[in-house]
Amino acid sequence: MIVPGVVLAIGTYAVFLKLQLVGTLAGFVMAHTVLALPFVIIPVTASLRGFDRRLEDAAASLGASRWTAFRSVTLPLVAPGVASGALFAFVTSFDEVVVSLFIQSPYLQTLPVKMYASVTRETDPTIAAAATMIIVLTTTLVLVATFFVARRTRAK
């Protein structure tokens, strides 16, 4: 989280060259996983820290299996932390153009890399269309979240 993006990209590129992972799908997945991991660990750990294990034990004492107790008790209680971790991971991965530029291949590019190339090399309406779709998706997600929060507040 502290290391500048260019330094991280150069280090990743050097390691991936030795491991022959530059331009591979496994390389992309590993690089973006390493980048997003700190942003996932923090909210998930905070969510798990606030979880009371006695609730899971109570479900087990009432006859629920470990899987049923996890699915019906644990997962709903830690879901906000997991969801925010997933959102942070996606945003971090989507925003990381520099590392993707270093480990890309002509056949394997992320959408942000293609958008960056479109902006820097030629004038193309594709970037405007992609930006519009991102704005529409973000606005829709915010409106849906606002609707559910307002509905939950009215129910109480």
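The values are calculated or read from the model by the stated rules, or taken from the named source; none is laboratory data. Bear in mind the structure is a predicted one, so any value in this text is a computation, not a measurement. Quick reminder, even Gly has a Cβ in these numbers, built from the backbone with ideal geometry, and neighbours come from all protein chains shown. With ligands, DNA and RNA removed, areas are computed over all heavy atoms of the protein, side chains included. Shrake-Rupley method; radii C 1.70, N 1.55, O 1.52, S 1.80 Å.
Given the conditions (1) open to solvent by 40 Å² or more (accessible area, probe 1.4 Å); (2) at pLDDT 90 or above; (3) within 24 Å of the chain's Cα centre (by Cα), and given that Trp67 satisfies all but one, which numbered condition is not satisfied?
(3)
Please verify whether the stretch 3-16 includes one or more residues that are free of Cβ contacts under 8 Å to residues at least 40 places away in the same chain, in contact with a Leu (Cβ under 9 Å, 6 or more places away or on another chain) and part of a helix (DSSP H, G or I). Spell out the reasoning first.
Of the stretch 3-16, the ones free of Cβ contacts under 8 Å to residues at least 40 places away in the same chain are 3-4, 7, 11, 14-15.
Now restrict to residues that are in contact with a Leu (Cβ under 9 Å, 6 or more places away or on another chain): 15.
With part of a helix (DSSP H, G or I) added as a condition, the list becomes 15.
Yes, the conditions are met somewhere in the stretch 3-16.
Quick check on my filter: what residues within the stretch 27-64 are among the small types (Gly, Ala, Ser) and over 14 Å from the mean Cα position of the chain (by Cα)? Step through it out loud before you land on a result.
Of the stretch 27-64, the ones among the small types (Gly, Ala, Ser) are 27, 31, 36, 46-47, 50, 58-61, 63-64.
Listed by number, the residues that qualify are Gly27, Ala46, Ser47, Gly50, Ala58, Ala59, Ala60, Ser61, Gly63, Ala64.
Output the qualifying pairs, or none if there are none: Cβ atoms under 6 angstrom, residues six or more apart or on different chains, first residue in the stretch 51-67 and farther than 20 Å from Gly81 by Cβ, second residue surrounded by 10 or more Cβ atoms within 10 Å (Cβ to Cβ).
Ala60/Ala69
So Ser72 passes all but one of these: (1) among the small types (Gly, Ala, Ser); (2) surrounded by 12 or more Cβ atoms within 10 Å (Cβ to Cβ); (3) under 30 Å from Leu111 (Cα atoms). Which condition number does it fail?
Answer for Ser72: the failing condition is (3).
Within the stretch 97-136, restricting attention to residues that are over 21 Å from the mean Cα position of the chain (by Cα), of a type outside the set (Val, Ile, Thr) and open to solvent by less than 50 Å² (accessible area, probe 1.4 Å), which residue is modelled with the lowest pLDDT?
The initial filter retains those residues of the stretch 97-136 that are over 21 Å from the mean Cα position of the chain (by Cα), namely 105-107, 117-129.
So of that shortlist, the ones also of a type outside the set (Val, Ile, Thr) come out as 105-107, 117-118, 121-122, 124-125, 128-129.
So of that shortlist, the ones also open to solvent by less than 50 Å² (accessible area, probe 1.4 Å) come out as 105, 117-118.
On the way: Ser105: 82, Ala117: 78, Ser118: 75.
Checking each candidate, the answer is Ser118.
Hey, among Thr74, Thr24, Thr33, Thr12, which residue is of a type in the set (Ser, Thr, Tyr) and more than 20 Å from Asp95 (Cα to Cα)? Before the answer, list the steps.
Values: Thr24 fails: more than 20 Å from Asp95 (Cα to Cα); Thr33 fails: more than 20 Å from Asp95 (Cα to Cα); Thr12 fails: more than 20 Å from Asp95 (Cα to Cα).
The conditions single out Thr74.
Take the conditions within 15 Å of the chain's Cα centre (by Cα), within 23 Å of Ile134 (Cα to Cα) and modelled with pLDDT of 90 or more and apply them to Val82. Does it pass? Can you show your working first?
Values: within 15 Å of the chain's Cα centre (by Cα): yes; within 23 Å of Ile134 (Cα to Cα): yes; modelled with pLDDT of 90 or more: yes.
In short, yes.
Have a look at Ala155, Ala86, Ala130 and point out the one that is free of Cβ contacts under 8 Å to residues at least 24 places away in the same chain and under 24 Å from Val29 (Cα atoms). Break it down into steps so the answer makes sense when it comes.
Working: Ala155 fails: under 24 Å from Val29 (Cα atoms); Ala86 fails: free of Cβ contacts under 8 Å to residues at least 24 places away in the same chain.
The conditions single out Ala130.
Under 6 Å between Cβ atoms, which residue pairs at least 6 apart in sequence (or on different chains) link something in the stretch 23-48 that is surrounded by 14 or more Cβ atoms within 10 Å (Cβ to Cβ) with a partner that is aromatic (Phe, Trp, Tyr) and assigned to a helix (DSSP H, G or I)?
Final answer for the pair search is Gly27/Phe16; Phe39/Phe88.
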